[in-house]
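Enquirer: Got a structure here, written out as C-alpha cells. Questions coming.
What follows draws every value from the coordinates through simple rules; no lab data is involved. This one's a predicted model, so the numbers in the text were calculated from it and none came from an experiment. We place every Cβ from the backbone using ideal geometry, glycine too, and count neighbours over all the protein chains shown.
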Amino acid sequence: MPPHTLDLWRNLRDLRIRESCHSCALPHHQEESVWLKIPESLGAAWQDLYTAALIEVDAEKLKMRIEDAERAVAIRYATLDLERDADEARRLTDARRGLSVLRLEAERRA
C-alpha cells in the first residue's frame with residue numbers, strides 16, 4: 001500500500017460522520033466542518049483501502065480495515081456528481097456490497 005494511503009487510512013479513524021439515514025451506510029447530511037478535514041487525495045484512496053480490507057489476513061486488523069474502507073467509500077460516494085461519475089458510483093456501490101459480505105464472513109468466523 002502506498003505511504004500516502006497509509007496516512008489517510010490512519011487519519012480516517014479520527015473522521016466522524018453524522019448519518020441521517022439508518023437504512024444505509026452513506027452519509028447524506030454532513031456538517032461543513034467535517035468536509036474541511038477530508039484530504040483531496042481521498043478520492044482515489046478508497047480503492048487502496050478497499051483492497052487492503054480484501055487482502056487482510058489478520059482477523060484482529062480486518063474489522064478496522066473494513067470500517068476504514070466503508071468510511072472512505074461513503075465519503076467518496078457523497079462527493080460524486082452521480083451523472084458525471086456514474087461508473088465510479090457503480091464501483092463504489094459494488095465495493096459497499098463486497099465489504100458487507102466480507103464483514104458478514106469475518107463475523108461468522110469470529
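Enquirer: At 7 Å along the Cα-to-beta-carbon direction for both R109 and A89, put a label point, then send me their distance in nm to one decimal.
Expert: 3.4 nm
Enquirer: Please compute the contact order of segment 42-83 in relative form: average sequence separation of alpha-carbon pairs under 8 Å and at least six residues apart, divided by the residue count, as a percent. Can you show the working numbers first?
Expert: Working: 23 pairs, mean separation 19.8, N = 42.
Rounded, it is 47 percent for segment 42-83.
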